[in-house]
């Protein structure tokens with residue numbers, strides 16, 4: 001029996017991410033260091049061009065799908081994750097079975113057993129290949145009015161995501177919106193907490209990406225209980 005510092009419901013709550021009604025752009029994975037065993041959700045399988053159950057994920061298979069220019073970097077990040085028992089985090093490109101290129105961010109946290117020993121890493125593949133469509137923005141205007149009421153703090157949070165993950169402003173907004181919907185948390189509250197958490201990372205250099213992934217995936221747990229849940 002394993003535990004993860006991510007919410008156990010996360011793996012089964014991916015139907016409300018940004019892009020509902022279109023192919024899912026977020027998928028869940030787990031990786032055990034011993035034996036290098038992988039599990040991936042249907043969404044991650046589809047990012048690689050497979051139908052659910054068609055292919056068993058392995059380290060060799062995943063590396064084979066990395067863009068040739070990114071493969072060495074990803075292999076190095078994975079080897080470092082195994083050696084140091086740190087989460088596997090990366091920004092890179094995937095080439096699916098049809099030859100299409102997907103730009104993805106891997107956001108992950110430690111996976112621990114019942115004795116709190118780190119046994120692997122689990123998290124999400126976020127496909128940021130496409131920017132948010134204009135009609136999706138119009139929908140968000142109606143469902144997330146706090147975007148405009150608290151633009152400053154949301155812009156700060158977006159800026160942090162852009163810096164850490166080397167992504168565009170629209171892709172950063174997509175990631176924030178995903179976490180808002182995934183955790184049923186108001187976007188304004190999530191951005192506020194994320195910016196507050198960043199203050200503790202001001203002097204962090206080594207492992208900043210790993211720490212930021214943890215902050216992003218857990219920020220909603222530190223929001224005061226008095227803050228109402230998001231409405232979607």
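With 84, 58, 97, 34 as the choices, which residue is modelled with pLDDT of 85 or more and in contact with a helix residue (DSSP H, G or I) (Cβ under 8 Å, 6 or more places away or on another chain)?
On inspection, the qualifying residue turns out to be 58.
Based on this model, can you work out whether residue 76 counts as outside the structural domain of residue 211 (by TED's automatic domain parsing) and under 27 Å from residue 172 (Cα atoms)?
In short, yes.
Residues checked against (1) in contact with a strand residue (DSSP E or B) (Cβ under 8 Å, 6 or more places away or on another chain); (2) part of a loop (DSSP other than H, G, I, E, B); (3) touching a residue at least 24 places away in the same chain (Cβ under 8 Å); (4) surrounded by 12 or more Cβ atoms within 10 Å (Cβ to Cβ):
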| position | (1), (2), (3), (4) |
| --- | --- |
| 35 | no, no, no, no |
| 39 | yes, no, no, yes |
| 45 | yes, no, no, yes |
| 51 | no, yes, no, no |
| 54 | no, yes, no, no |
| 61 | no, no, no, yes |
| 77 | yes, no, no, yes |
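Yes or no, residue by residue, for (1) under 16 Å from the mean Cα position of the chain (by Cα); (2) modelled with pLDDT of 85 or more; (3) assigned to a helix (DSSP H, G or I); (4) surrounded by 15 or more Cβ atoms within 10 Å (Cβ to Cβ):
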{"site": "119", "(1), (2), (3), (4)": "no, yes, no, yes"}
{"site": "124", "(1), (2), (3), (4)": "yes, yes, no, yes"}
{"site": "132", "(1), (2), (3), (4)": "no, no, no, yes"}
{"site": "142", "(1), (2), (3), (4)": "no, no, yes, no"}
{"site": "154", "(1), (2), (3), (4)": "no, yes, yes, yes"}
{"site": "176", "(1), (2), (3), (4)": "yes, yes, yes, yes"}
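The values are calculated or read from the model by the stated rules, or taken from the named source; none is laboratory data. No experiment lies behind these values; they were computed from the predicted model shown. We place every Cβ from the backbone using ideal geometry, glycine too, and count neighbours over all the protein chains shown.
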